[in-house]
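Taking it in order: structure first as structure tokens, then the write-up.
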Amino acid sequence: MKTMVKAINIHKSFNGREVLAGVDLEVADGEVLCILGPSGGGKSTLLRCLNHLETVDDGVVWIDGSVIGYELRGETLRELPPRKVRQQQREIGMVFQHFNLFPHLTALQNVIEGPVTVRKESRAAATARGVELLEAVGLGDRGAAYPSQLSGGQKQRVAIARALAMQPKVMLFDEPTSALDPELVGEVLDVMRRLALAGTTMIVVTHEIAFARDVADRVAIMVDGSIREIGNPDDVLSNPQDPRVRSFLNRVLN
Ligand SMILES: Nc1ncnc2c1ncn2[C@@H]1O[C@H](COP(=O)(O)OP(=O)(O)OP(=O)(O)O)[C@@H](O)[C@H]1O
Ligand SMILES: [Mg+2]
């Protein structure tokens, strides 16, 4: 099976405090990995290191075989110039807790903005694909609506369509449903479930244990900057070995 994401020995400190303590991770093409864990454990920081929104203090990230954020010069890694970093980031879809849609653009305009301005696709082609993507996330009839006219769940689905429009190699989700009213969570998880079934490579930081159990190929539990358990969802969620993982799961499952 082809490896899509590989991270080795990722270290990251903020103000002398270690937040990632040497994380190793490998995600196969088409795989869905859910990352769970207590607040402050480093989940968001890890995702941000994977797409070079944060620099790493040590370690290397590859996506589809390319080192992210750096180039190898002889034996040493040198940070890439911002333009090259942005080029790489285009291939990595990111969906955050807050939707970050452009408020002055309609749903459809939000979705086609990247393809037209960054990927230099023709407006006609981008629009045709944008309409399809909005349909795929259940918003075929809301393309003309502005973000202020959409519910939180709808906005998040537009944000997913917008990320997909860039044809990313992997989709990173950071608690995509945790800012939503409870009755809107399901519609976003349904879209993510469909993406997973369609073979999208996904790394999903979430508190939705049922989703992780159903949809993930593997679940990882991150505590204090390291992955304490990783494996198939049933093993990790039902029979964790690490005591910190056990106490975390006891808290969230009961
Ligand atoms: N830019 C930053 N500057 C300083 N400290 C930071 C920064 N970003 C994160 N941290 C710290 O790093 C630690 C890990 O944060 P991170 O956001 O990665 O945790 P998390 O697992 O995503 O938590 P949550 O479940 O609450 O989202 C926290 O103690 C946080 O305060
Ligand atoms: Mg977080």
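Each reported figure results from applying straightforward, stated rules to the coordinates on display, with no laboratory input. Nothing here was measured: the structure is a model prediction, and the numbers come from that model. Neighbour counts run over all protein chains shown; Cβ positions are idealised from the backbone, glycine included.
For the reader, a short list of remarks on this structure follows.
- Just so you know, in the range 219-242 the residues that are of a type in the set (Asp, Glu) and more than 21 Å from the chain's Cα centre (by Cα) include one that is surrounded by the fewest Cβ atoms within 10 Å (Cβ to Cβ), and it is Asp234.
- Subset of the range 79-125 (residues that are surrounded by 14 or more Cβ atoms within 10 Å (Cβ to Cβ) and in a strand (DSSP E or B)): Ile92, Gly93, Met94, Val95
- Answer from Arg157, Arg193, Arg162, Arg246 - the residue that is more than 16 Å from ligand 2 (Cβ to nearest atom), of a type in the set (Lys, Arg) and more than 15 Å from the chain's Cα centre (by Cα): Arg246
- Any hit, the range 97-117, residues being of a type in the set (Ser, Thr, Tyr) and touching a residue at least 24 places away in the same chain (Cβ under 8 Å): yes
- Tally of residues being in contact with an Asp or Glu (Cβ under 9 Å, 6 or more places away or on another chain) and either within 16 Å of ligand 2 (Cβ to nearest atom) or within 25 Å of Arg142 (Cα to Cα) (or both) across the range 76-102: 5
- In the set Thr45, Thr76, only one residue is of a type outside the set (D, E, K, R) and touching a Gly at 6+ places or on another chain (Cβ under 9 Å); that residue is Thr45.
- Every pair of residues 6+ apart whose Cβ atoms lie under 7 Å, when the first sits in the range 208-230 and is farther than 18 Å from Ser178 by Cα and in contact (Cβ under 8 Å) with a residue 12 or more places away in the chain while the second is among the polar types (S, T, N, Q) and away from ligand 2 (no atom under 16 Å from the Cβ): Arg218/Asn232; Glu229/Gln241
- Pair list, Cβ < 7 Å and 6+ apart or interchain, from the range 164-192 residues that are under 13 Å from Val205 (Cβ atoms) to residues that are within 16 Å of ligand 1 (Cβ to nearest atom) and among the small types (Gly, Ala, Ser): Asp174/Ser44
Each row is one residue, and each column tells you yes or no for (1) farther than 28 Å from Val5 by Cβ; (2) of a type in the set (A, V, I, L, M, F, W, C); (3) within 16 Å of ligand 2 (Cβ to nearest atom).
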site: His104; (1), (2), (3): yes, no, no
site: Val111; (1), (2), (3): no, yes, no
site: Gly114; (1), (2), (3): no, no, no
site: Val118; (1), (2), (3): no, yes, no
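- The strands (runs of 3 or more DSSP E) found entirely in the range 1-78 that carry 2 or more residues being buried (at least 19 other Cβ atoms within 10 Å of the Cβ) and not basic (Lys, Arg) are 3-14, 17-28, 32-36, 58-63.
- The residues of the range 193-227 that are out of contact with any Phe, Trp or Tyr (no Cβ under 9 Å at 6 or more places or on another chain) and among the polar types (S, T, N, Q), listed by number, are Thr200, Thr201, Ser226.
- Selected residue (criterion: nearest to Ser39 (Cα to Cα)) from residues of the range 243-254 that are surrounded by 15 or more Cβ atoms within 10 Å (Cβ to Cβ) and in contact (Cβ under 8 Å) with a residue 12 or more places away in the chain: Phe248
Residue by residue, here is whether (1) farther than 13 Å from Val170 by Cβ; (2) within 13 Å of ligand 2 (Cβ to nearest atom) holds:
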residue: Ala28; (1), (2): no, no
residue: Leu33; (1), (2): no, no
residue: Pro38; (1), (2): yes, yes
residue: Ile63; (1), (2): no, no
residue: Glu71; (1), (2): yes, no
residue: Gly74; (1), (2): yes, no
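- Filtered by the rule that a residue be of a type outside the set (D, E, K, R) and part of a helix (DSSP H, G or I), the range 225-254 gives Pro233, Val236, Leu237, Ser238, Pro243, Val245, Ser247, Phe248, Leu249, Asn250, Val252, Leu253.
Let's see how each residue does on (1) more than 28 Å from Leu197 (Cα to Cα); (2) in contact with a helix residue (DSSP H, G or I) (Cβ under 9 Å, 6 or more places away or on another chain):
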site	(1), (2)
Met1	no, no
Ser13	yes, no
Asp24	no, no
Ile35	no, yes
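- Selection count where residues are near ligand 1 (Cβ under 9 Å from one of its atoms) and closer than 20 Å to Arg228 by Cα, scope the range 43-70: 6
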